[in-house]
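Have a look at the structure below before the remarks.
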Amino acid sequence: MAQVVVKISEAWNRFWFTGYSAESLGLIRLCFGIGLFFFNLTQLWTLLLIDASGDPFYYVRPVWYFEPFGLEHNFPRLDLVLLATLQLATLSMAFGYRTRLSTLLVIVLVCYLRGVRDSILGEGHHRYHVPFNLLVILAVARSGGGHSVDARRASNTGAPPAVEEWQASWPIMAMQVYTASFYFWSFLAKVRTTGWDWFFDPRRIQDLLLERSLTWGVTAQGEPVFNAMPYWLSQQEELCRLLGVGTLVMEAGFPLILLVKRPLARLAFLAGVAFFHLANLVLAYVSFALLPIAFFVFFDLEKARLQLVAWRQRRARDVVSGSP
Amino acid sequence: MTRRAVTVLIIGWLAVHWTAVAYEFDHFPLTDAGMYANWKKKEILSYLVRDTESYKQGFTITRRDGATDAVRMEELNLPRRHMYQLYFQKIHRRPAPLLLRSFNKTLGHEPDDPGFIVRITVPYVVMHRRADDIGNVWTESHVTTLDWDEKWRKSW
């Protein structure tokens, strides 16, 4: 029994606390942060179109966390200022300037601005869930310890406090687990609310495609006036079935990526998921196309960077020595 | 944070998430992944026809003094995308008190004002088609009417 406990403990420690450096975590923060800058724009761009000098709009239904603060309407001018602040804080976090403070500011501003967007029409979107959870993990962890302005400033003023392997590894693993879980929960939600028909009955995908094909208007014959692709695809039964089964494989199988260690295998799988999101945007206008900014967490980017540096050095040496 | 504290944090974090999933908290903010999950098999597929011009004319409204008018997106200070969603989706799904309150508050009307909006009407067309023959379509015209109820003054 004691041996089993020891083995479980060792496996737990190996899973959560080994494998990554402060630089790995820093590069993930940098790439995710830059991606988040654009993600914010894709999610909040409608706020830019509100007349800043116009009257506030009283929300149809405020999001649940607005109610305790009595937030009943938007503040057109202030919201624009806060959106600009969010973008600056996002870049500040990405480049590791006062990393924790910047990350906390991003979290607060994302909560507020996402709340404004959703409250206007009383909606509840889940597009920020993955980035938001990643932000929380980055805020709790010591994510400014590598590839950051903070680390550079600390090294200029003396020896920077070392970020140990376990301190860099657990946030990366937590981000991986959350992202993989999110897809898996989508699978569970479909099975629970609709059943297996969601994946195996081609009429599910057909229904979605037909509904979305009418977004821009429709002719008297029921054909879309713009973007005929979803309408055409909705009539291809086997392709619709394939898309349903593909969704099942992707969502239910996503957690298996945690067991796959080969970067190329991970890259191939995640490229497929990124294509899925892109196809969703083109065919069904689902704004998840930039969610793959979260996929940086599945790679040791520092290892890749060092390999690239070594390759460039070898190439430079070869050029100097004249060898092909 | 010590390594032990991180272990406790991770266990607590996993427990909160998976408890929410296990108890099917569909709108729990950390695990809500239910969008697009719900679907019912139908023989007749019905979709609201979106005429990209009609929503720009605004909502037809009736005021307390009986006058009829139109409220456009410029008056509500809504961008086109929000107006589109409001006109073709939300107005047909959201409860009347929420929408009438939102419109009146935004336009600065109190319940006793002659300009207070007591009715919003939105005509719309639904296109039907058989699931096994999607080229066979027919349409029906409807009107969504949201009427003010004086009982709602209490929560004004």
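The values are calculated or read from the model by the stated rules, or taken from the named source; none is laboratory data. Keep in mind it's a predicted model, so treat the numbers as computed, not measured. Please note: Cβ atoms are built from the backbone with ideal geometry, for glycine as well, and neighbour counts cover all protein chains shown.
Couple of notes before you dig in:
- Applying the criterion of being among the aliphatic types (A, V, I, L, M) and away from chain B (no Cβ under 13 Å) to the residues of the range A:146-182, the residue that is surrounded by the fewest Cβ atoms within 10 Å (Cβ to Cβ) is A:A159.
- Selected residue (criterion: surrounded by the fewest Cβ atoms within 10 Å (Cβ to Cβ)) from residues of the range A:254-265 that are over 25 Å from A:S287 (Cβ atoms) and within 19 Å of the chain's Cα centre (by Cα): A:L256
- Matching residues, the range B:63-107, being polar (S, T, N, Q) and farther than 30 Å from A:V218 by Cα: B:S102, B:N104, B:T106
- Top-ranked residue of the range A:208-223 - restricted to ones that are within 27 Å of the chain's Cα centre (by Cα) and part of a helix (DSSP H, G or I), ranked as surrounded by the most Cβ atoms within 10 Å (Cβ to Cβ): A:S213
- Selection count, the range A:135-145, where residues are away from chain B (no Cβ under 12 Å) and either free of Cβ contacts under 8 Å to residues at least 12 places away in the same chain or under 28 Å from A:F184 (Cβ atoms) (or both): 4
- Any hit, the range B:22-41, residues being of a type in the set (S, T, N, Q), within 25 Å of A:H125 (Cα to Cα) and either in contact with a Pro (Cβ under 8 Å, 6 or more places away or on another chain) or at pLDDT 85 or above (or both): no
- Test result for A:T194, free of Cβ contacts under 8 Å to residues at least 60 places away in the same chain, surrounded by fewer than 18 Cβ atoms within 10 Å (Cβ to Cβ) and of a type in the set (S, T, Y): no
- Residue satisfying all of: in the range B:37-76; of a type in the set (K, R), surrounded by fewer than 16 Cβ atoms within 10 Å (Cβ to Cβ) and more than 10 Å from chain A (Cβ to nearest Cβ); farthest from A:N74 (Cα to Cα) among these: B:K56
- Flag for A:G26 being on the phi < 0 side of the Ramachandran plot, out of contact with any Leu (no Cβ under 6 Å at 6 or more places or on another chain) and not hydroxyl-bearing (S, T, Y): yes
- Pairs where the first residue, in the range A:271-294, is closer than 18 Å to A:Y178 by Cα and the second is hydroxyl-bearing (S, T, Y), C-beta under 8 Å, 6+ apart: A:V273/A:Y183; A:L290/A:T42; A:A294/A:T179
- Filter pass, B:H92 being of a type outside the set (D, E), in a helix (DSSP H, G or I) and exposed (fewer than 15 other Cβ atoms within 10 Å of the Cβ): yes
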